[in-house]
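Each remark here refers to the structure printed beneath this line.
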Amino acid sequence: MPVRLAIPEVDAVGPFKRLSASQVNAYASCPRLWYYEKVRRFKMPQIPVLFVGRAVEEAFCRMLQESPALLVASAAADTLSNIPLDDSGVPSRESTSPWPADRLLPLPTHMWPNEMSALRTWAQERLAVHLPRALEAMETEWEKDERKAGEWSSVDPERCMKMCLNGLEMHLKEVERCMDAEGGPHLDDWRQGARPEWPSPDGRGYHLALRHPLAQQGPVTLLEAWEIARPWFVDPNAGKFAMNAIHPEHWFQGEYDLVYRWDGRINIVDLKASVGAGDRSGDYVEQLRMYAMLWWVTHDKKEQVDQLEIWYLGADAIKQIEVPTIPEMESMETELNALWQRLKGTIPAMDECPPSPAPMRGFSPGGVPSEAPTTSRCDRCDWNAICPGGKGDEDLPDGGSVHLPGTPTSFDLTPMAQLEPRMTLIAEVFSVMGGGEGKRPKIRVVQGSHFANIQLLVDAHQDGEPAWPQDIRKGDRVKLAGVVPSANYKGELQLKVDPHAIIVPAGENEDNDTSLLDFRARWNVAGKLVYRFEKKGVGRNGKAWHRKGMMLIDQTGSMKIEGWAADWGHQFDLAEVGDTLVAANISLDAWAVDVKGQINRNSKVQITERVVRGD
């Protein structure tokens, strides 16, 4: 069972507070690095190679999903894309819509590959269909990212294809093993249409009414071996992070790349679109060991992983990882739970996460251990310029007041941890328009003579409850808990409902003194500059748009501030990482735990202290 979803009735942790292998490895490399990225929400530069890996994996998995008995080599890339999904992005068990593979008639058997060379050629041609499309999608996503860095021209499509082909050869060895094993122990079950609870994605649903449409008689065929040996992987059409394996107590989660299980053994494979040289290869080993523990605990501690592998597609090498023993997994589970309590039970203070980097590790291509480099981990850290372990210091702004040039009065500064972008109030529903059939209604509420429009950005609260009463109607008295107020360009008040906000019926005797007029429109903050970013594009109306932003940190928190490029002024362009800036007369916005500021034409941004740079 490669997937274990959260059980909302007993999940007291929620999706935003779970621990993951990447977080554990980040904390182990340097507690301050983890703190900056997971508590202060710093986002590292997004270089093309980070997106290339996702493109290679998507192309590879889409090829694995397909069958040469259903698709000719030149078939459209999206032939198996239209699978039914539930509201969480998981392939639906309840939908009555037909699955794409079930709508296809098998090709004539004489068109099926019966030699490995023909199967290889078909798979290679399918990769040639999928990879350009995946790379194009990732380039578009990279272009939109506010922290994009580097040049997409550095991406070599031929090298990406070579990595896909290396992965194909590794998989074909599994197909050959399946042939040699005469289909493995579950051949007859597969032919009869039996499917595990979480089938390997093949464009078909969870259950087959009759024999498998591609089942044959007698000795296993090459086509059947292709179908049977197919590993489990996240369906490329599923939602992001929708198919995690979640610890029964909900505090840890992971998402496997490939799980081979056709021979009755469990082999978890981690795909890496890299050569495996460098410090991060050590993280991959620890990640797989944690995944072995996760598999064990999500199977009632009765089923262990038999094999762990890292497929370094860039080096065309497979690295075997020693599977941890039961005592090791027991100890790992205890230690990880203690770490979760420390990092997620309560938010740690910055001084509880010191800049104490672990020594660098050395690996040569294929993840082979080698002599460690002499460079410090801090030298390559994205946050070196602001971290006291690097070139920064702990002297951060902490509220107070400031007088800015050209202004007659001083500005009172609010520490970032004290910013309050949300409000809770009771109001009456003035109107409900639309809604139903999966569409969100347009709701308008009133308090006395004051009105506000509701922006429903989600369908459910973080605890799984509906974000608004499904039978809401005019005249209802409702409680709007944790909504985010803002004013639109017309000056109208809007109340945003995100995963941390909810609309519920107000109790008969429930009261709340908060008024729509209590909305605070403007705030002043000061912080050190962590990084700047810019976003550009073309709107639906054909007009170009340009936004700028920056991440600031103070003693209590951090926040991203952004706005239209024309509203920033020249101080944005003059600011350097480590400078102290004041952002005055900004408005607030929020999404889940993130609070951000909005610059407008009445805001003022001023550098108040320059960072001291050495020669």
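Laboratory data are not the source of any read-out in this text; all were calculated from the coordinates shown. Computed from a predicted structure; not experimentally measured. All Cβ positions, even for glycine, are placed from backbone atoms using ideal geometry, and neighbour counts span all protein chains on display.
Output the Cα-based Rg and Dmax of region 421-518 in Å, rounding Rg to one decimal and Dmax to a whole number.
When restricted to Cα atoms, region 421-518 yields Rg and Dmax of 12.4, 36 Å.
What size of dipole, in debye to the nearest 20, comes out for region 192-235 about its Cα centre when the only charges are +1 on Lys and Arg C-beta atoms and -1 on Asp and Glu C-beta atoms? Please report the intermediate quantities before stating the final value.
On the way: 4 positive and 5 negative charges, 22 e Å.
That gives a dipole near 100 debye.
Mind listing P(r) for region 286-341? All alpha-carbon pairs, 10 Å bins, whole percents.
For region 286-341, the binned pair fractions read 23, 48, 22, 7 percent.
Only Lys, Arg, Asp and Glu count, each charged at its Cβ (+1, +1, -1, -1), so figure out the dipole size of region 46-241 about its Cα centre, rounded to 20 debye.
So the dipole magnitude of region 46-241 works out to roughly 160 debye.
Give or take rounding to whole Å, what are the principal axis extents of the alpha carbon atoms in region 34-82, in descending order?
On the principal axes, region 34-82 reaches 50, 20, 14 Å in Cα extent.
Ranked by Cβ crowding within 10 angstrom, fewest neighbours first, how are 40, 93, 342 ordered?
Values: 40 17, 93 11, 342 14.
The order, fewest Cβ neighbours first, is 93, 342, 40.
Need one number: % antiparallel among DSSP beta bridges in the chain, to the nearest 5.
Close to 80 percent.
Can you put 312, 260 in order of Cβ neighbours within 10 angstrom, beginning with the fewest? Present the calculation step by step, with values, prior to reporting the outcome.
Working: 312 27, 260 22.
Listed from fewest to most nearby Cβ atoms, that is 260, 312.
For region 210-272, build the convex hull from the C-alpha positions and give me its volume per residue in Å³.
Taking only Cα atoms, region 210-272 has a hull volume of 161 Å³ per residue.
For region 80-138, build the convex hull from the C-alpha positions and give me its volume per residue in Å³. Write out the running numbers ahead of the final one.
Numbers: hull volume 7.4 nm³, N = 59.
Hull volume over Cα atoms, normalised by residue count, gives 126 Å³.
log10 I(q)/I(0), Debye, Cα-only region 15-58, no solvent, q = 0.17, 0.19 Å⁻¹?
Cα-only, vacuum Debye calculation for region 15-58: -0.62, -0.74.
What's the local net charge at residue 367, with K and R +1, D and E -1, over the other residues with C-beta under 9 Å away? Walk me through the numbers before you get to the answer.
Working: positive: 272, 319; negative: none.
Value of the local net charge: +2.
Rank the residues 332, 163 as a footprinting-exposure proxy: fewest other Cβ atoms within 10 Å of their Cβ go first. Walk me through the intermediate numbers first.
Details: 332 20, 163 28.
In order of increasing Cβ crowding within 10 Å: 332, 163.
Over 20 Å apart: what share of the alpha carbon pairs of region 202-361 falls there, rounded to a whole percent?
More than 20 Å apart: 63 percent of the Cα pairs in region 202-361.
Quick one: dipole size for the chain, taken about the Cα centre, charges +1 on Lys/Arg Cβ and -1 on Asp/Glu Cβ, in debye to the nearest 20.
With Lys and Arg at +1 and Asp and Glu at -1, about 1720 debye.
Among 282, 489, 376, whose Cα lies farthest out toward the positive end of the dipole of the chain, if unit charges sit on the beta carbon of Lys, Arg (+1) and Asp, Glu (-1)?
Comparing the listed Cα positions along the dipole, 489 ranks first.
Between region 122-193 and region 391-410, what is the C-alpha centre distance in whole Å?
Measuring centre to centre over Cα atoms gives 52 Å.
With a 10 Å radius around each residue's Cβ, average the other Cβ atoms per peptide and rank 28-35, 42-49, highest first. Intermediate results must be reported in sequence, preceding the final value.
On the way: 28-35: 21.8, 42-49: 16.0.
Those peptides, ordered most packed to least, come out 28-35, 42-49.
When you take every Cα atom in region 333-404, what is the radius of gyration, and what is Dmax, the widest Cα pair distance, in Å?
Cα-based Rg and Dmax for region 333-404 come out at 17.9, 58 Å.
Can you list the equivalent-ellipsoid semi-axes of region 46-241, largest first and in whole Å, using the square root of 5 times each Cα gyration tensor eigenvalue?
31, 21, 14
Is it possible to state the helix-based mean residue ellipticity at 222 nm for the chain, with each DSSP H run of 4+ residues giving -39500 (n - 2.57), the sum divided by total residues, to the nearest 500 deg cm²/dmol? What is it?
The helix contribution divided over the chain gives -7000 deg cm²/dmol.
With just the Cα atoms of the chain, tell me how far they stretch along each of the three principal axes, in Å, largest first.
Dimensions of the chain along the principal axes of its Cα atoms: 89, 67, 53 Å.
Hey, could you pull the Cα Rg and Dmax for region 457-590, both in Å?
Reported Rg and Dmax, both Å: 18.9, 56.
Using +1 at the Cβ of each Lys and Arg and -1 at the Cβ of each Asp and Glu in the chain, identify which of 259, 320, 530 lies farthest towards the dipole's positive end.
530
Name the residue from 117, 183, 600 whose Cα lies farthest towards the positive end of the charge dipole of the chain, charges +1 on Cβ of Lys and Arg and -1 on Cβ of Asp and Glu.
600
Summing Lys, Arg as +1 and Asp, Glu as -1, what charge do residues with Cβ under 12 Å from the Cβ of residue 311 carry, residue 311 excluded?
-4
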